[in-house]
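Peer 1: First the structure, then my questions, so here it is.
The numbers here are math on the coordinates, done by the rules we state, and not lab data. Quick caveat: nothing in here was measured; it's all calculated off a predicted structure. FYI the Cβ positions are ideal-geometry reconstructions off the backbone, even for glycines, and counts take in every protein chain you see.
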Amino acid sequence: MRIVAQLSNSRKKKFLILAFRFILSLLACSFLVIFIFTPLLAVFSNAFQKGVSFYLEMLKREETISALTLTLGILIIVLPLNVIFGVACAWYVTKYQFRGKRFLVALLDLPFTLSPVVAGTMLVLLYSVNGVLGWVVESLGMKIIFAFPGLVIATLFVTFPFIARELIPVMEEQGSEMEEAGRMLGASGRHIFFRITLPNIKWGLFYGVVLCVARCVGEFGAVSVVSGHIRGKTITLPLEIEILYNEYNLVGAFCLATVLCGTGLLSLILRKWIESSEKVSKRRYFFGD
Amino acid sequence: MKISWSGKSKTRGFRLPGFGISMGITWLYISIILLLPSAGLFLKASEVSFDEFWKAVFSLRALKSYQISFSLSLLSALVNTIMGFIVAWVLVRYRVPFSGLFDALIDLPFALPTAVAGVSLTWLYGPNGWIGRHLESIGIKVVHTPLGIIIALIFVSFPFAVRTVIPVLKEMDLEVEECARCLGARRWQIFLKIIFPTVFPALLTGFTLSFARALGEYGSVIFISGNQPFKTEIAPLLVAIKLEEYEYTACASIAVFLMTVSLLILIFLNILESFSKGER
Amino acid sequence: MAVIELRNIFKKFGDFVALDDVSFSVDKGELVALLGPSGSGKTTLLRVIAGLERPDSGAVFLEGRDVTEEDPRDRGIGFVFQHYALFKHMTVFENVAFGLRVKPRKVRPSESEIREKVMKLLHLVQLDFLADRYPSQLSGGQRQRVALARALAIEPYILLLDEPFGSLDARVRKELRRWLRRLHDEIQVTSVFVTHDQEEALELADRVVITNQGRVEQIGSPEEVYFNPATPFVFQFLGDVNLFHGRELSSGEIVFIQNETAGIEKKFYVRPNQVSLSLVQSLEHPLQCKVNYINPAGPMVKVEVVDIRGNHILALLTQDDYNRLGLKKNTTVYVGIKEHKVFE
């Protein structure tokens, strides 16, 4: 019968659609697990391969402590600078109309499309003894390349846009009406910023800081070029991992990796948490390491 | 007419306070951190004679490294664009168990420092690793081959391909698809004629970002690639090697070349963005 | 034979009952309005007819055929969406041509036929000069007409319009409304449109279906529903209402005195234009009030009065009556009722 045939036909079609969905879902999920998730799993499973005592011993080594201190030292200098720049830049870009705005916003993307190695190379070519500004550095009696200042500048280069890029969409969405209303009510510039703007962008700012920290701590390419690999002096945590790997201490490398993964995972969890309570606007896209 | 640098143009009555200071900080910071080193690089490169520059940038070894970098980055960006679209589609359109977890997984490469990713992938696909063990038994070698580089590049650049597509898919107006259905379009016709053209700009942006990221990647690749010249030596590595060997002219020349490429990509991305904004 | 027939349609979204036992039919060539407040289920009803929503129970018949299980793409219905759902990446021409281009190859018209047909349709909606534009370059009214032309391209035997004038400004709205009525008279396609604007429904439709909370309250011609509302809801929805609490005595006399106990208590529904005002108390004008507010702008004068209990009563007077009475704020007036409606 015609109607029966039609019915079974539509049932067959429905089955095909369901099967298609299932296969596609399976493909997507297995891709995520195999290509994206297993590297993380490998870090943690290998780190504890030789037991917890070995793990703790690795963390207590002198080299680890000095690398960790160095990394934190860089972070303490870089973070406040980036916060100041991020807020100023976002304020400048979102509250005013001026020529060259698009150029400025495009510049903020440059550290993302440029290889960190090239970034580091630029700094070496600029500040090293034979570099363009080498004579200035030398006459000041400083050492930048293969020293702490170089590591800081390299980290600044790769991380400076993070907070600004996080704040710009949030502030753009909010517009300037609230600030203008505050001005009409007689608020000073400081009042407007701290009482009106900051409470509204605090989660965006917070997440920008989180991203910035994660990238600061994990930066490898740019730092590796300017560091010169001087033991106990210019070895950051990621560089220490490389050294351990090259010394065939794979488990040790993984032990230190868990520390870095911890910061990274924390940033992921915070992001999920902030986003689930819709404290930041949904971004167009975001770069990271 | 005099251009006023204080920004207090006479036609505009009211500006929020803080223009001068925010402008000052912004441009000062950008000049010191970004523009000064870039200018230094181009200055250094300009000291090099054209012949030397040409020899360094297009030496056989350099050419080979570009070829490796570009082709493998293209390939991984292509894989990521296709897989990224499928993952985005599944996460937005279908109900998958643990979808929140899978959504978080997408950003994992952002959270994992590149050096960690490199070490981990090298072990994973090495002879003792979970995946490499099985691949080796069927005769596929990953570590120290171009295949390994591709896998590392896929890992680090995957989020870009997905994160650009997901918002576009989410924002898509269901009414438009319903309308096409009422007009008699089949599923594949709706996909080809309505969904794909709408998502295409985002796919292209995702592809470009993914490609740019892969091209510049260093940390994760140097572990897995083995770094053999002419075989698995990528362009950023060559820059680092030239620098270590104190061949500053060659190093500056190649760096300028790579910098130009990333500037071009940046310009392309901006054109793409203004194009897709204009269409709205 | 009815072109559209709905039989006992039920539809739930979670706990929310969108359609609750809805049945009605539409005859060939009719223009029917689905009128109701937002959330009354009218859009869901339209989507059920189109096949975009499947009813939980009940059946949809189109030209006598049960299509409840049929895919919308096979129904051949033209649907104009509230926000038009134009294809942003296609020109006006390609938008209109879409329905023709996706036809199976065997029945697809040739390129020249498509071209001819699309231009004819664009001419019909007076947009042929915009064929190469993109939707983002059009005004709201133009987009609306493109959406209409696109729906008509597949030669539907039913045209469904969801709030066709909802997102247009008042002036364009009125113009387009009259234009749509003329267009319907010209092409004679069976049409159903959804609206929450009673003026629009009464002016445009041959018949009006009034829905409330998922149920059909009344079906009828504009005159019928306006002058003979079946329920208090319909009465209130179709215009301003004054509600009088009074008692009807066994003699048929109506009194509005507070401490009266004889007779049966009833609610009297009265339109503002059925309220009459007088400066002297009489049997016809028993209720003493004070003028609270007067708005003389417009064809009718709006006068709001307050009775001693504090109830507000709205009266619509002709300019002549208003001038004759010489009303001012706080003038004492006596209110009478010309016509009223009581729901049992």
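Peer 1: So if a site counts as exposed when it's one of the trypsin sites (Lys or Arg not before Pro), its DSSP state isn't H, G, I, E or B, and it has at most 11 other Cβ atoms within 10 Å, what's the longest stretch of chain C without one?
Peer 2: The reported range is C:107-308.
Peer 1: Further question on the same structure: Please tell me which of these pairs span more than 20 angstrom C-alpha to C-alpha: C:LYS174/C:LYS338; C:LYS267/C:LYS302; A:LYS13/C:LYS106; A:LYS60/A:LYS233? Provide the component values of the computation, followed by the final result.
Peer 2: Working: C:LYS174/C:LYS338 31 Å; C:LYS267/C:LYS302 23 Å; A:LYS13/C:LYS106 22 Å; A:LYS60/A:LYS233 17 Å.
Exceeds cut-off: C:LYS174/C:LYS338; C:LYS267/C:LYS302; A:LYS13/C:LYS106.
Peer 1: Take chain C, connect every pair of alpha-carbon atoms lying under 10 Å apart with a spring to form a Gaussian network, then pick out the residue of C:THR44, C:THR190, C:THR318 with the largest mean-square fluctuation.
Peer 2: Between C:THR44, C:THR190, C:THR318, it is C:THR318 that shows the largest mean-square fluctuation.
Peer 1: OK, next. Given 10 Å bins starting at zero, what is the percent of C-alpha pairs of segment C:241-344 in each, up to the one with the largest pair distance?
Peer 2: Here the calculated profile for segment C:241-344 is 15, 49, 28, 8, 0.
Peer 1: Here is a further query. I'd like the chymotrypsin sites (Phe, Trp or Tyr not before Pro) in segment B:193-260 restricted to DSSP loop residues with at most 14 other Cβ atoms within 10 Å, sorted by number. Don't skip to the end; give the middle numbers.
Peer 2: On the way: sites: B:PHE207, B:PHE211, B:TYR218, B:PHE223, B:PHE230, B:TYR246, B:TYR248, B:PHE257; in loops: B:TYR218, B:PHE230, B:TYR246.
Counting only loop positions with at most 14 other Cβ atoms within 10 Å, the chymotrypsin sites (Phe, Trp or Tyr not before Pro) in segment B:193-260 are B:PHE230, B:TYR246.
Peer 1: Give me the dipole magnitude in Debye, nearest 20, for chain C about the Cα centre, with unit charges on the beta carbon: positive for Lys and Arg, negative for Asp and Glu. Write out the running numbers ahead of the final one.
Peer 2: Details: 44 positive and 47 negative charges, 222 e Å.
Here the size comes out at about 1060 debye.
Peer 1: Calculate the mean, over all residues of peptide C:277-289, of how many other protein chain Cβ atoms lie within 10 angstrom of the residue's Cβ.
Peer 2: The shielding value for this peptide is 0.
Peer 1: Is the shape of segment B:121-280 best called rounded, prolate or oblate, per the rule: a/c under 1.5 gives rounded, else a/b larger than b/c gives prolate, else oblate, with a ≥ b ≥ c the square roots of the Cα gyration tensor eigenvalues?
Peer 2: On the way: a/c = 3.95, a/b = 1.59, b/c = 2.49.
Because a/c hits 1.5 or more and a/b fails to exceed b/c, segment B:121-280 counts as oblate.
Peer 1: Which three extents, in whole angstrom, do the alpha-carbon atoms of chain A cover along their principal axes, largest first?
Peer 2: 97, 66, 35
Peer 1: From the mean inverse distance of alpha carbon pairs (Kirkwood) and the Cα radius of gyration, derive Rg over Rh for segment B:68-126. Could you put the intermediate results ahead of the total?
Peer 2: Numbers: Rg = 14.1 Å, Rh = 13.5 Å.
Here the Rg-to-Rh quotient is 1.05.
Peer 1: Kindly provide the helix-only [θ] at 222 nm of chain B, computed as the sum of -39,500 (n - 2.57) over DSSP H runs of four or more divided by all residues, to the nearest 500 deg cm²/dmol?
Peer 2: Values: 15 runs with 205 residues, N = 280.
Theoretical 222 nm ellipticity from helices: -23500 deg cm²/dmol.
Peer 1: With N residues in segment B:47-171, what two-decimal value do you get for its Cα radius of gyration over 2.2 N^0.38 Å? Please list the in-between numbers first.
Peer 2: Working: Rg = 18.6 Å, N = 125, 2.2 N^0.38 = 13.8 Å.
Rg over 2.2 N^0.38 Å, computed on Cα atoms: 1.35.
Peer 1: So which residue, out of A:ALA154, A:ALA67, A:ALA106, gets the largest mean-square fluctuation from a GNM of chain A using Cα contacts under 10 Å as springs?
Peer 2: Looking only at A:ALA154, A:ALA67, A:ALA106, the biggest GNM fluctuation is shown by A:ALA106.
Peer 1: Among DSSP bridges having both ends in the protein assembly as shown, what percentage is antiparallel? Round to the nearest 5. Could you put the intermediate results ahead of the total?
Peer 2: Values: 51 of 69 bridges.
Roughly 75 percent of the beta bridges in the protein assembly as shown run antiparallel, per DSSP.
Peer 1: Pick out, from B:ILE271, C:HIS285, C:GLN137, the residue whose Cα sits farthest towards the positive end of the charge dipole of the protein assembly as shown, with +1 on the Cβ of Lys and Arg and -1 on the Cβ of Asp and Glu.
Peer 2: Going by the charge dipole, the pick is B:ILE271.
Peer 1: Considering every pair of different Cα atoms, what Kirkwood radius, in Å, is found for segment C:169-325?
Peer 2: Values: mean 1/r = 0.0537 Å⁻¹.
One decimal place: 18.6 Å for the Kirkwood radius.
Peer 1: Same structure again: With N set to the number of residues, divide the alpha-carbon radius of gyration of segment A:1-87 by 2.2 N^0.38 Å and report two decimals.
Peer 2: Working: Rg = 27.5 Å, N = 87, 2.2 N^0.38 = 12.0 Å.
Ratio of Rg to 2.2 N^0.38 Å for segment A:1-87: 2.29.
Peer 1: Given H placed 1.01 Å from N in the peptide plane, which residues other than close sequence neighbours of C:LYS266 have an amide H under 5 Å from its amide H?
Peer 2: Here the answer is C:GLY246, C:ARG247, C:GLU248, since their amide H atoms fall under 5 Å of that of C:LYS266.
Peer 1: Additional query: Give the average over all directions of the projected area of the C-alpha convex hull of the protein assembly as shown, one decimal, in nm².
Peer 2: Values: hull surface 219.7 nm².
Over all viewing directions, the protein assembly as shown projects a mean Cα-hull area of 54.9 nm².
Peer 1: Name the most mobile residue of C:ASN323, C:ASN292, C:ASN95, meaning the one with the largest mean-square fluctuation, in a Gaussian network model of chain C with Cα contacts below 10 Å.
Peer 2: C:ASN323
Peer 1: Can you list the residues, at least 5 places off or on another chain, whose amide H is less than 5 Å from the amide H of C:VAL208, using H built in the peptide plane?
Peer 2: C:ALA33, C:GLY220, C:SER221
Peer 1: Please turn the phi angles of segment B:151-159 into ³J(HN,Hα) values with the Karplus equation 6.51 cos²θ - 1.76 cosθ + 1.60 (θ = phi - 60°), one per residue in order, whole Hz, x for glycine and proline.
Peer 2: 4, 5, 5, 4, 4, 6, 9, 4, x
Peer 1: Would you please report the Å³ per residue occupied by the convex hull of the alpha carbon atoms in segment C:94-229? The partial results should precede the final answer.
Peer 2: Numbers: hull volume 18.2 nm³, N = 136.
For segment C:94-229, the hull spanned by Cα atoms encloses 134 Å³ per residue.
Peer 1: Could you tell me the convex hull volume per residue, in Å³, taken over the Cα atoms of segment A:101-249? Don't skip to the end; give the middle numbers.
Peer 2: On the way: hull volume 24.4 nm³, N = 149.
In segment A:101-249, the Cα convex hull volume per residue is 163 Å³.
Peer 1: Same structure, new question: Give the long-range amide H neighbours of C:THR68: residues separated by 5 or more places, or on another chain, with amide H under 5 Å away, using H modelled in the peptide plane at 1.01 Å from N.
Peer 2: Placed amide hydrogens put C:VAL60 under 5 Å from C:THR68.
Peer 1: Starting from the Kirkwood Rh over alpha-carbon pairs, what translational D in µm² s⁻¹ does segment C:93-173 have by Stokes-Einstein at 25 °C and 0.890 mPa s? Could the numbers behind the result be given before it?
Peer 2: Values: Rh = 13.4 Å.
Here the translational diffusion coefficient equals 183 µm²/s.
Peer 1: Right, here's the next one. When the Debye formula is applied to the Cα atoms of segment A:171-245, each taken as the same point scatterer, what base-10 log of I(q)/I(0) results at q = 0.18, 0.20, 0.24 Å⁻¹?
Peer 2: Each listed q maps to, in turn, -0.74, -0.83, -1.04.
Peer 1: Take the Cα radius of gyration of chain C and divide it by 2.2 N^0.38 Å, with N its residue count; two decimals is plenty. Before the final figure, lay out each step's value.
Peer 2: Numbers: Rg = 25.2 Å, N = 344, 2.2 N^0.38 = 20.2 Å.
Compared with the compact-globule rule of thumb, chain C sits at 1.24.
Peer 1: Averaged over its residues, how many other protein chain Cβ atoms are within 10 Å of peptide A:241-250's Cβ atoms?
Peer 2: Working: counts 7, 6, 0, 1, 6, 1, 0, 0, 0, 5.
That works out to 3 on average.
Peer 1: Normalise the Debye intensity by I(0) for segment C:156-234, one equal point scatterer per Cα, no solvent, then take log10 at q = 0.22, 0.23 Å⁻¹ and round to two decimals.
Peer 2: The Cα Debye sum returns log10 ratios of -1.12, -1.19.
Peer 1: Can I ask one more? Go from 0 up to the bin containing the longest alpha carbon distance in segment A:1-150, width 10 Å each, and give me the % of pairs per bin.
Peer 2: In whole percents, the pair-distance histogram is 8, 14, 20, 21, 16, 9, 7, 4, 1, 0.
Peer 1: Mind checking which aspartates and glutamates have their C-alpha under 12 Å from B:LYS193, skipping anything on the same chain fewer than 8 residues away?
Peer 2: B:GLU177, C:GLU94
Peer 1: Just counting partner chain Cβ atoms within 10 Å, what average do the residues of peptide C:150-158 show around their Cβ? Working shown, then result.
Peer 2: Numbers: counts 3, 3, 0, 1, 3, 0, 2, 0, 0.
Taking the mean over all residues of the peptide, I get 1.
Peer 1: Could you give log10 I(q)/I(0) at q = 0.11, 0.13, 0.16, 0.17 Å⁻¹ for chain B, computed by the Debye formula over C-alpha point scatterers of equal weight, without solvent?
Peer 2: -0.85, -1.05, -1.25, -1.31
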